[in-house]
Structure formats: structure tokens, C-alpha cells
1. Here are the criteria: (1) touching a helix residue (DSSP H, G or I) at 6+ places or on another chain (Cβ under 9 Å); (2) surrounded by fewer than 20 Cβ atoms within 10 Å (Cβ to Cβ); (3) away from chain B (no Cβ under 13 Å). Tell me which single one A:Ala240 does not satisfy.
2. I'm told A:Thr406 meets every condition in (1) in contact (Cβ under 8 Å) with a residue 40 or more places away in the chain; (2) more than 14 Å from chain B (Cβ to nearest Cβ); (3) in contact with a Leu (Cβ under 8 Å, 6 or more places away or on another chain) except one. Can you identify the failing condition by its number?
3. Tell me yes or no: at least one residue of region A:338-346 is surrounded by fewer than 20 Cβ atoms within 10 Å (Cβ to Cβ) and within 14 Å of chain B (Cβ to nearest Cβ).
4. How about region A:222-236: which of its residues are over 14 Å from A:Pro252 (Cβ atoms) and open to solvent by less than 60 Å² (accessible area, probe 1.4 Å)?
5. Is there a residue being surrounded by fewer than 19 Cβ atoms within 10 Å (Cβ to Cβ), within 16 Å of ligand 2 (Cβ to nearest atom) and either more than 28 Å from A:Thr506 (Cα to Cα) or in contact (Cβ under 8 Å) with a residue 12 or more places away in the chain (or both) anywhere in region A:61-69?
6. Condition check: open to solvent by 10 Å² or more (accessible area, probe 1.4 Å), within 14 Å of chain B (Cβ to nearest Cβ) and of a type in the set (A, V, I, L, M). Does A:Ile81 satisfy that?
7. Restricting attention to region A:373-415, which residues are modelled with pLDDT under 85 and either within 17 Å of A:Tyr467 (Cβ to Cβ) or assigned to a helix (DSSP H, G or I) (or both)?
8. Which numbered condition trips up A:Arg273, out of (1) under 23 Å from B:Val17 (Cβ atoms); (2) charged (D, E, K, R); (3) loosely packed, with under 14 Cβ neighbours inside 10 Å?
Amino acid sequence: MSQHKTITVALAGNPNAGKSSLFNALTGAHQRVGNFPGVTIEKHEGYLDYKNYRITVVDLPGTYSLTPYSPEEIVTRRFIIDEKPNVVVNVVEGTNLERNLMLTVQLMEMEVDLLVALNMMDEVEQQGISIDLDQLEQLFGSHIVPISARNHKGLDDLLDHIVSVSEGRIEIRKNKVSFSAEVEKAIDKIVGMLCHEPALDKAANHRWMAIKLLENDREVYTQVQKYPVWVKIELALQEAISECGMLHSTDPEALITEDRHAFVRGAMQECVRKPKTTRASASDYIDMVVLNRVLGLPVFFLVVWAIFQLTFTLGKPLMEALAYSFGLLSETVAPHLPAGMVRSIFVDGVISGVGSVVVFLPNIVLLFMGLSFLEASGYMARAAFVIDKVMHRFGLHGKSFIPMITGFGCSIPAIMATRTLKSRSDRLATIMTIPFMSCGAKLPVYVLLAGAFFPPAMAANVMFGIYLLGIAVGLWTAWLLKSTVLKSDSEPFVMELPPYRWPTLTSVVFQARMKAVMYLKKAGTLILGAVILIWVASNFPRSSALDAELATETARIEASAVALELKAEQRQKLEARIDAGQLEYSIAGRSGKLLEPLIRPLGFDWRIGIALVTGLAAKEVVVSTLGTIFSIGHAAGETSLSEILRSEPGFSKATALSLMVFVLLYIPCVAAVGVMKKEVGTWKPVLFYSAYVMLVAWIASFITYHLALLWM
Amino acid sequence: MKLSELKAGDRAQVSSVAAEPAVRRRLMDLGLVRGTELELLRFAPLGDPIEISCNGLLLTMRRNEADGITVHKLASAEGRQHGWQGLRKRHRFGRRA
Ligand SMILES: Nc1nc2c(ncn2[C@@H]2O[C@H](COP(=O)(O)OP(=O)(O)OP(=O)(O)O)[C@@H](O)[C@H]2O)c(=O)[nH]1
Ligand SMILES: [Mg+2]
């Protein structure tokens, strides 16, 4: 067996260049891909075996330059500098070379072992752009491999090149971009000083350090500042600044960037031919409507509304079919199980509990498909543009909006996605709004309650109303925070709009399948566990008095001289009454009763209280707990959960609305709270926030309940 | 004049970029350096931010950031009627009053 040699490859490039797509294509991973800048916020590692090599691939957050700007971009620079990967693959968007090559120039300056992957060749060909690769290689000094990450084209060629570069078989010519005379003079001077500083690493790239010093790079500043030579360097920098000011009426930093641009522009003129277009592209037409002064906001609301409408309307028949089959299942299974405990745990516990969650699978998958369409199409960044001013009024940022939309799926990735915001106070304010963006796990609660208590035509609108309420409370919270504890200057908003792209069918199907599998897994693990616990808690301890009563009463009925059917009916009534009594006697019942005074004003009885507490584990558990608790005392497969709820005297329309509002607003699940703590840094604000959230939820539900009682 | 003073459809060339250091850096990385030609495409529905196109990409920024960018106008929207300029003229809801 031949030994594997290991190669570490870093994928670096501008945001939205297709690094994660390439990473997935190479390693078979499923990192998130989306058509807007700033999808990846952490580095991810994966590996593959190619020929005799084990290649570790590292996907990095996108960055526009190597003087980093937002927290996730710093990750990229640190990785390249500190971890020194064997090969840096610069993923470049072939349709957008001018901006992308700016980063390539900076990587050249770092003298890393560079390989350029020219991505999106499919789009390049489609747009009729021709690129002279040989000439471009000459200018940049490193090899350029055309690929299409999305279509898995050119990957073997890329891997061959990676191997060759790491083996040193491909020479990387250390081409230099030459800057304006004054800058070059300053660079030479500073390099001379750095060379004569004995404490400094001789192997370090002094030219790069000099350039970065001229660019006011804080990290290199602090690195050099501790040496005696700093005094001289500072003088040289001062001199460069005044010279550039005099001769070019600008500063070295801008001059360096201008020179890089000039280099790239020159290269573009030599190597790239774009067909002349006089007509507007489809993308321009779409933007004319979507970003229109008058239509922009209505279109935005329409899009969001359409997603929820789709989730509910299209999902309903599928959901009902699933619910029906679960009913059938428990009817067929029940007679085969021994009566008593075992039957109860399967029928009331597993089937009613887990089943009540699983039936919402179609809705969940549809919701996520809608969201991933937003992410993949390129509308996300445009929505941020349209809505920025509104967000700004509340002290937030257009870019806060992207995590917020992600939050409609799940709060956890959404909270992490706030890392694309530069200012800490904006980040915190955005994190605090996300739990109010009703996540996918809360959807089953709404679908259940809205479906049970409102006519189909109204149900989708009630749900949409709930979502709007969440957004409103979220924005209000942000405003409150930003005008009190998180006061700060507003973060600048500078963002690129990506071209529209059609999500591929395979990726849509794949995403849907993955979401479905994840949901089912959650149902089979976390929710099943919670269901069993709830079943145990609501069946033990048992009251022996009630057991005795059951026995004597049953005997009495059996002995009585009434007709058989009447006997059966009486027995059923008796059992229901005893079961209800046992439930109240159980741990769940007793702790629920303790809680009841607190939630009575909201229209909730102790059973809902139990469901809310268990919902802290995961919001779907609210539904499964209701399923388990309310099905105790009902015969197997007798009726669906929504019918049971409707038939409960204590459960009115007002209760349903109030419960939806409460579930929308109260503390997010433990996993989300954990991530919040991780991103915020300390517990104190998170605990304060949780208390605040509870208070808001209580007040809002109270108002809802009493208004609903008045009006309905 | 300032970038933020252009009207939708105007073309201009950047003459200087001033902003807080990190923002200036970002603007320059995105291609807004001296000499870059750009076109102001539109204002967002509520009048802020703005969208420009330069070097074949679409950029958006708030007026606040656009205030720091000095440009000189090359051609105004009224002057040109052909191509997709003309098309926008016909559809110009996006125009600032
Ligand atoms: N047509 C085409 N689209 C591609 C190709 N590679 C990636 N894309 C699309 O480009 C967009 C961005 O892809 P990502 O892989 O998320 O980009 P990224 O570089 O990881 O982006 P960040 O994580 O934001 O830095 C997605 O919509 C992809 O579907 C390609 O080869 N051809
Ligand atoms: Mg990525």
C-alpha cells in the first residue's frame, strides 16, 4: 500500500465566487451555498483522496481584500498567514474578473503558492466572453484552471494542478505589480529597514509587510511596532504620505489600490473580450420591477406572503393525507397490542406525539424550499437593498435583513450569520431580533391551531399575521436596544448585488430531501425522547384510589342488567373520567397545576402550560406534547388532534390565538439560546433578554386573549 | 459634485473617495477608485440606499457613503436616448424628483 502524502489547500476568493460550491464538489460535503455575498462565515475543512494524495480542502469566508473588514473576513487572512496552506486556490468569478482579480493581485503580493480557479465558465461561455488564459497566466505568474464548480467541470484538471503546485512541479513566477514611483521608493526604503532589524524573521516577506504598512494595516503595525526600527519606519511612512499627497494629491493606501486596479484593468484589456451589448439583459428587466421605486416594497411583501401562502395551501392536502395515515396506523396497531401500559405508550405516546409532529413535514419542506429559492435566486441581496431604509429607522441595517430571513427557517444559522455585520452593537441588536422571526419549528404550532380554529381561507392569513407580529416585535426590540444600551453610529451599508441565477433542479430536490431527512431525524430522536418523557410524566405516579374506583365501577357496570351497547358506552365514559383524573394526579398534572395561576389570564390551562415548558427543548414539542396529553382519554385513532382540540371546552378560538402569539414570542429553544450565548459572549445579556422575551410574550398574549374574547 | 447628487441614469467618473478608513477601503476594493466610470442606476423605494453600476457590477450604498464620493458628471440621463438608457427613460418610475 503506497503511503498517502497530505496536501492542505485553502479556497480563497471574493464573496459569492463559488468557493463553497467548489468545496462541496471536491469533498462531497454539503456546505451552505447561496447567491449572495457572505454565505460562509466560518472556515470548514473537508478532505478527499486523489491519486496518492490525501488533500485537505479548507473553505474560507469570502473576502474582498486582504486588509480585512468584517469579523468573518479576518478568519480568511489569518488562515492564509498563520496556517500556511500548501496551495492557495483563488476561486475567481469568470464573469466578474475585474473585481475578482484585485484579490488575486494581493495574493500574488503575499507570494503564496497560488493557483487560480476560473469559476463559472458555463456563464462565461453563455455570455460569449472570451478570455486569453495564456496571456493572463503570463501576467499573473500562476496557473489558471477553468472550472465550473456547479456543474462539476474541470475538477480533475484542478486537482492535477494542485498536486503539481504542491510538489513544486509548477513554477510560480513571483511577478510583481509595480506601483507608482513614490510608493516603490517608500517600499524599498522600508524593506531595507526591515532587513536590518535582527529580531525580525529573515524569511518573512518584507515587501509585503512594507506594502501593508503603507496601507495602514493594523495587524502588521502592531507586529512591527515593538521593534526599535519602528522609529525609522514611522518617519519613512510619514514621508511617503506627504510625497503622495504632493505629487498625486492622495495617500499611499489609495494610490496602491489605484495601481492595482490599473494593473488589473490593463490585464483585462489585453486578455478579455466581452461582446458589445446594447440591449438590457433579463436581469436588468427584473431589477426594473423588483427594485422599482414604487413597486419595490409591494413586490417584497408579495414575495414573503407568497412563500407562506404556498407553505400552507400547498402543504395542507399533503398534511391531511399524512394525518389520516397516522390515524389509520394507530387504529390498526392498537388492537394488536396488549391493553394498558404498552398500548398507551405506543398509541398515546409515540403515534400521537411523534405523529402529530411528523404530519407537518410537507409544510416544513415547502417553507425551506421557498427560503432556499430566495437565497439561490439572488433576490436576498436585493431585498436587503429595498428594505434598508426601513431597517435603518429601527436602528438596524439592510444586511441585518438577510439573517432575519434565514431566521424564518431556523434561528441557529441565522444568529451565526450576523457575523457579516461589522459593528458589534448592530450585530447584537440583530441577534436579539432573530428569535422573533418565527422559525420553522414553530410552524407546526400555527398550522395546527390556525387550521383547527379558522376556515381554510382565513388560516393562511392568520399565520401571515402572526409572522408580521413577530417582525414588528423584533423591530421594536431592536429599536429599543439601539436607542438605549446599544447606541452607536450606524454601520455603513455597502453591498454588491449578484446576478440572478436559477436554482438548479437537482439542488432544489437535494435541499428538500436533506431538510426532510433532518426533520424526520429530529422527530425520531429529540421529539421521540421528549414524547416518552412526557408520557411517563403524565402517567406516573398513579393514584391507587382511582385505580380501585375503576375496578369497582367496571365490575358494577358489568354486573348491571343493561344492554350491551349501553355497557360499552358507560365503560368508555368511565375510562375517560378515570384517565383524566390520573393525568391530574401525575407529575405532569401536578406541576402543570402549579403553573396554571401564571398562565390562566392568557386563557391557558395546565395542559398547555406543560406543552409550553416542554417546548423549550424544541418548539415542535409543543405540538407533540399537546398530542400526547390531549389524546389520553380518547380512543385510538378516534379523531385527529385538531378535532380533539376543537371539542375541548377549555380551548376556544381566543385560546388558540393567544397560544400562537405566546409560542411566537416566548424564549427560543435551548439550542438557540446556547448559540446566542456563544455569539454574544456572556450569559448576562442573554438571561436579561430571556426575561424580557417572557414578559413581552405574556403581555402580548394577554392582550390577544382578551381582545379575541371581546370580538369573537 | 457628490455621487449622491447625481440623478438616476447619470454617468460620472470618480475623482476621490473619502470615508471612515474601513469603509473607504471597502469602497476601493469594490472598484471605486479615482478614474472609475459609473452610472447611477436607481434609488431604493424609500430614496436610500442607491444603486450604481461600475466595472460591470452592481453596487449599493447608502447616501451617507455616497456623500463621501466626489465625481464629475460625464453625461446626464436626458442626453441619451438609445440602448437600455432609453428603455429606462420610458420606464422611469425609479427617477428621483
Ligand atoms: N453558473 C454557475 N454558478 C455557480 C458556479 N459555482 C457557483 N455558482 C453559484 O454561485 C453562487 C455562490 O456560490 P457559493 O459557493 O455560495 O459562493 P461562495 O464563494 O462560497 O460565497 P461566500 O460564502 O458568500 O463567500 C451560488 O448561487 C452558486 O450556485 C458555476 O460554476 N456556475
Ligand atoms: Mg461560501
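The values are calculated or read from the model by the stated rules, or taken from the named source; none is laboratory data. Just so we're clear, the structure is a prediction, and the values are computed from it rather than from any experiment. Glycine gets a Cβ as well: all are built from the backbone with ideal geometry, and neighbour counts include every protein chain shown. Protein only, heavy atoms only, side chains kept; ligands, DNA and RNA dropped before computing areas. Shrake-Rupley method; radii C 1.70, N 1.55, O 1.52, S 1.80 Å.
1. Of everything listed in (1) touching a helix residue (DSSP H, G or I) at 6+ places or on another chain (Cβ under 9 Å); (2) surrounded by fewer than 20 Cβ atoms within 10 Å (Cβ to Cβ); (3) away from chain B (no Cβ under 13 Å), A:Ala240 misses just condition (2).
2. A:Thr406 satisfies all of (1) in contact (Cβ under 8 Å) with a residue 40 or more places away in the chain; (2) more than 14 Å from chain B (Cβ to nearest Cβ); (3) in contact with a Leu (Cβ under 8 Å, 6 or more places away or on another chain) except (1).
3. no
4. A:Val224, A:Tyr227, A:Val229, A:Trp230
5. Looking for residues that are surrounded by fewer than 19 Cβ atoms within 10 Å (Cβ to Cβ), within 16 Å of ligand 2 (Cβ to nearest atom) and either more than 28 Å from A:Thr506 (Cα to Cα) or in contact (Cβ under 8 Å) with a residue 12 or more places away in the chain (or both), one finds none in region A:61-69, hence no.
6. Taking the combined requirement at face value, the residue does not satisfy it.
7. A:Gly398, A:Lys399
8. (1)
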